[in-house]
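Working notes, structure below.
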Amino acid sequence: MSENEERGGCGAGMVAASSPHAARAGRDVLDAGGNAVDAAIATVLALAVADPINLSLFGRCQILGLTGERFWAIDGTTCAPMVLPEVQADKTRTGFAATPVPGLLPALDRAHRRQGRIALADIVAPAYRLAEEGFVIPPALGAIWQEKGGALAADPGARLFYLKADGTPYGPGEHFRHPALARLLRALSHDLLALGHDRAEREALARRIAASGGFVTAEDLAQDATGDGEILHGTLAGHALTTIGRQGWGHTLVQMAAIIEAGGFDPGDPDFAEHIALTVLCALADRPQEIGTLTPKPFGMPLEMLCDPAFAQARATLIRKQARACDTGARLVVAFGAPGIRADRDTTHLSVIDAAGDMVALTGSIGPHFGAGIADPVHGVLFAHSYRMASDPRAGARDVTEMTPCLVTGAGGLRLAIGAAGSERIPGAVMQVLVGRLMRGLRLREAVEAPRCNWLGGALRLHEGHPAADRLRARGYTIVTSPRDHRRHLGIVQAVERDAAGCAGAADPAYDGASV
């Protein structure tokens, strides 16, 4: 990880991303005169090359931007095909049967047409070079590739493009090239929607999907299902928070901030770490769907209630009461269950700020690592997995995941873009970094690197070295310690900021990211 330590000026701006190769691609576009939107597009295209376990051109994204003083959002999620055969109640869709209509490229196209500054070919060029020339696989990516890549052998396309000639996965330090993806990127360099606009291309792709048991049609590929996203606002420590609405988990982030504000929780209070931990748990418990699924809770609360000031005050009062009770830790295990580890459902995030102070926070995903574990045999693009199609299959239904990109504005001219990977861990990770930066007064890198918490049922997950671990254990909490790496992480945060002193960026040490 790197950070602009001098803070004497921003130059062209700053990019933070989960891949050092992708962060450099975005920075190159800033240096070439591109704005924050141009750099974000360059970065995410490069992530589709250099972080293939977490993103592909057939994935989904949520984009939040600030241009001048105007906030905007684009909902680039995936959705189910418009014609979707029924499936037996006891069956779960997998593979091509759970492959949704992609949303990433249409969302990037919409962003560039509305907000981009430089030519699309110049934006695509860094990703093209990465795919054509290849790159050295960094440590965490390589470790996950070796751990989970073996499953790709079951699909001919994935095996061809993402395993070595002998059928073994790539690993750390090895060189990876993707010439087929480079050819596709070259075709996209003048039209990001070339696959959908070219009738022969989209019909051929649809035939390949259908031949493998999928339902996405040429008509689905021709449609642009993206749209303007809902925007939410909140406050924390005198700063304005802006995030996305029901297309992601922004309500949960705003609720956490509202509880902290309503409770007057103070970093100088010995119980502050417990207050924050209980705030995270409360916000997760208040979500109207079961964690890890799209299944509605029988008595789920409306999302609007989560951000209501009176509701936040009531929750803050409850949290203070819990922090005074002697048996809270034991009660939580009874109420929420013993800890259990479920499969990773990771995402990736990038944050950009340019010389003018315009910002983009973009979160993207293909579902589990390597998405659906299948790839187009011609272009070598991994298909996303749709949780909606797998668990609640309805024609045209949109995937709603835990993405929570966030922008902060406030005192001293601060502008901060932040987001994270990690499914339900995302809003809690973002909030705890903001608490460190805005309430504790930590520098951005310190706030990102500070130990955090999250939950497994009623067990409290703490990063190794968490300063409140002994106190919370003595309070009766069941503690599960998490290493600061890609295994069982507590959110992987990427953030950039600009204030009167200059620019800074930080990438979470749990993964391979960089800020440049």
Next item on the list: Considering only the stretch 237-277, state which residues are in a helix (DSSP H, G or I) and either surrounded by fewer than 18 Cβ atoms within 10 Å (Cβ to Cβ) or within 23 Å of the chain's Cα centre (by Cα) (or both).
Entry: GLY250, HIS251, THR252, LEU253, VAL254, GLN255, MET256, ALA257, ALA258, ILE276, ALA277
Notebook entry, point to check: All but one of (1) touching a helix residue (DSSP H, G or I) at 6+ places or on another chain (Cβ under 6 Å); (2) in a loop (DSSP other than H, G, I, E, B) hold for ARG487; which doesn't?
Noted result: (1)
Item checked: Selection count where residues are more than 23 Å from ALA80 (Cα to Cα) and of a type in the set (S, T, N, Q), scope the stretch 37-68 -> 2
Notebook entry, point to check: From the list VAL15, VAL37, VAL49, VAL83, which residue is farther than 28 Å from ASP512 by Cα and either at pLDDT 95 or above or not assigned by TED's automatic domain parsing to the domain that holds ASP499 (or both)?
Noted result: VAL83
Note to self: Checking HIS463 against (1) in contact (Cβ under 8 Å) with a residue 40 or more places away in the chain; (2) not assigned by TED's automatic domain parsing to the domain that holds LEU104: exactly one of these is not met. Which one?
What the structure shows: (1)
Check: Do we have ARG475 as closer than 14 Å to ILE276 by Cα, surrounded by fewer than 24 Cβ atoms within 10 Å (Cβ to Cβ) and basic (Lys, Arg) here?
Finding: no
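Of all the residues that make up the stretch 111-141, how many are under 14 Å from PHE176 (Cα atoms) and touching an Asp or Glu at 6+ places or on another chain (Cβ under 7 Å)?
Pass one, the stretch 111-141, residues under 14 Å from PHE176 (Cα atoms): 127-139, 141.
Of the ones still in play, those that are also touching an Asp or Glu at 6+ places or on another chain (Cβ under 7 Å) are 137-139, 141.
Result for the stretch 111-141: 4.
This table checks each residue for (1) in contact with a His (Cβ under 9 Å, 6 or more places away or on another chain); (2) in the same structural domain as ALA153 (by TED's automatic domain parsing); (3) buried (at least 22 other Cβ atoms within 10 Å of the Cβ).
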{"position": "ILE366", "(1), (2), (3)": "yes, yes, yes"}
{"position": "ALA375", "(1), (2), (3)": "no, yes, yes"}
{"position": "ALA397", "(1), (2), (3)": "no, no, no"}
{"position": "VAL400", "(1), (2), (3)": "no, no, no"}
{"position": "GLY413", "(1), (2), (3)": "no, no, no"}
{"position": "GLY419", "(1), (2), (3)": "yes, no, yes"}
{"position": "GLY422", "(1), (2), (3)": "yes, no, yes"}
Checklist line | Which listed residue, of ARG287, ARG315, is surrounded by 19 or more Cβ atoms within 10 Å (Cβ to Cβ), among the charged types (D, E, K, R) and over 30 Å from ALA507 (Cβ atoms) | finding: ARG315
Next item on the list: Give just the number: which of (1) in contact (Cβ under 8 Å) with a residue 24 or more places away in the chain; (2) in contact with an Asp or Glu (Cβ under 7 Å, 6 or more places away or on another chain) does ALA218 not satisfy?
Entry: (1)
Check: Cβ-Cβ below 6 Å, separation at least six or inter-chain, first residue in the stretch 307-323 and farther than 15 Å from LEU284 by Cα, second assigned to a helix (DSSP H, G or I) and of a type in the set (Val, Ile, Thr): which pairs?
Finding: GLN322/THR328
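Only one residue in GLU402, GLU424 is outside any helix (DSSP H, G or I), of a type outside the set (A, V, I, L, M, F, W, C) and within 23 Å of HIS233 (Cβ to Cβ), so which one is that? Before you say what the answer is, go through the steps one by one.
Numbers: GLU424 fails: outside any helix (DSSP H, G or I).
Going through GLU402, GLU424 in turn, just one is outside any helix (DSSP H, G or I), of a type outside the set (A, V, I, L, M, F, W, C) and within 23 Å of HIS233 (Cβ to Cβ): GLU402.
The values are calculated or read from the model by the stated rules, or taken from the named source; none is laboratory data. Source: prediction; values computed, not measured. Using ideal geometry, Cβ is built from the backbone for each residue, glycine included, and neighbour counts are taken over all protein chains shown.
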